[in-house]
Amino acid sequence: MAKIQMKNAIAELDGDEMTRVLWEVIKEKLLNPFIDLKVEYYDLGLKARDDSNDGVTYEAAAAIKRLGVGVKCATITSNAARVTEYKLKQLTPSPNGIIRAELDGTVFRKPIILKNIRPSVSCWKKPLILGRHAYGDVYKNCEMETDGPGKAELVFTKADGTEIRKTIMEMKGPGILQGIHNLDASIESFARACFFYGLSEKLDVWFATKDTISKIYDGTFKQIFQHIYDTEYKEKFEQAGIEYFYTLIDDAVARVMKSEGGFLWACKNYDGDVMSDMVASASGSLAMMTSVLVSPDGVFEYEAAHGTVQRHYYKYLEGEKPSTNPVALIFAWTGALAKRAELDRTPELSDFANRLEKATLDLIESGTMTGDLSRLADPPAKEIVNSWQFIDLIAEKL
């Protein structure tokens, strides 16, 4: 069988642990037999990032910009335990945070809906899409420990050398400090991306912060969103019959749990990280959530929304073949291939991406699935398989 040809390459970013193992199986069984796969490969495994002092992460981000499309496996963001486990030189920052900052993009996460997997929130009838700001907050923070009493200050030194100072706390003893930031330009890109996505998909857009408490930081987000909506999108939204809605984030959570879904919920960076996992889990499984990072200049990076599945990886190292759900990893590849096909005008590649997604969902809806979905299936699963069996059955369908 002649393989489908690609005109241009995709930036491929490899990852860690169980997802790295399955990433290779997906390529071997579901992609390489059917596509003459063109990629620029970057190893973003934890040790490779540490060895290169994150140089490989910046190289990967540059490749995504240059090629227009990237696909990324899940990666570890290190903590103290990981430094010991992997014998690292230092604590490494979030590679996702670096890439988001380099691309100045917004992350859109959408649950994959199945007929036989009902969401935990019974009123949800339509996909609830999360738009996550992709810059700043705790992902580019500065933090320290203090070993005794003292004054903690926030200091901004202007270009002309003058300073603005604010006292954070007169600390009575040891403690911890953290400084976070954001940029007006990045918030503006975030707002425009959310309004553009909402308009293109004919979705209401919700935005929520806590501006009653964080009057300057969160308040600035609120003001910028409202200004861009009023000056650039209000008339377009009204013509499309959709609306922009702002509320406090605690109110948004309460409303979301009583809604039917079918709208775009825009969140700041950390809020979006947490809420997208909540939506994914309530929709069925963390492995059933697509994620795409979109930059203002039209660059796309696709990935799974979940982590590296550490617990299953340790079982794998002991010789087991765990029942890890690979659907989000498969859909990261199909999303990237479909976008590459759109940009290169190669309909046969787009058709393959659609067929791979359909084969994956048809298999689950026929009653064959991994363990995480079997606990939620209605009617009950007919067959529970491990990851390798699941991928082999998709390959048979293809």
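Numbers below:
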| read-out | value |
| --- | --- |
| Qualifying residues in region 41-76 (those that are surrounded by fewer than 18 Cβ atoms within 10 Å (Cβ to Cβ) and hydroxyl-bearing (Ser, Thr, Tyr)) - the one farthest from Ala328 (Cα to Cα) | Ser52 |
| Some residue of region 295-302 being at pLDDT below 95 and either assigned to a helix (DSSP H, G or I) or in the same structural domain as Ala185 (by TED's automatic domain parsing) (or both) | no |
| Residues of region 300-321 classified as surrounded by fewer than 20 Cβ atoms within 10 Å (Cβ to Cβ) and touching a residue at least 60 places away in the same chain (Cβ under 8 Å), total | 5 |
| Matching residues in region 364-376 - criterion: being under 25 Å from the mean Cα position of the chain (by Cα) and either more than 17 Å from Ala328 (Cα to Cα) or not charged (D, E, K, R) (or both) | Ile364, Met369, Thr370, Gly371, Leu373, Ser374, Arg375, Leu376 |
| In region 257-289, the residues that are of a type in the set (Val, Ile, Thr) and in contact (Cβ under 8 Å) with a residue 24 or more places away in the chain | Val279 |
| All positions within region 29-40 that are under 22 Å from Ala61 (Cβ atoms) and surrounded by 16 or more Cβ atoms within 10 Å (Cβ to Cβ) | Leu37, Val39, Glu40 |
| Verdict on Ile26 being surrounded by 19 or more Cβ atoms within 10 Å (Cβ to Cβ), more than 17 Å from the chain's Cα centre (by Cα), touching a residue at least 40 places away in the same chain (Cβ under 8 Å) and under 20 Å from Leu343 (Cβ atoms) | no |
| Unique residue being aromatic (Phe, Trp, Tyr) and farther than 30 Å from Lys172 by Cα when the list is Tyr42, Tyr139 | Tyr42 |
| Residues (over 29 Å from Val274 (Cβ atoms), touching a residue at least 24 places away in the same chain (Cβ under 8 Å) and either not in a helix (DSSP H, G or I) or not hydrophobic (A, V, I, L, M, F, W, C) (or both)) located in region 233-254 | Lys236, Gly241 |
| Only one of Leu46, Leu103 that is aliphatic (A, V, I, L, M) and closer than 21 Å to Tyr316 by Cβ | Leu46 |
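The values are calculated or read from the model by the stated rules, or taken from the named source; none is laboratory data. All figures in this text were calculated on a predicted structure; none of them were measured in a lab. As a convention, Cβ positions derive from the backbone with ideal geometry for all residues, glycine included, and neighbour counts pool all protein chains shown.
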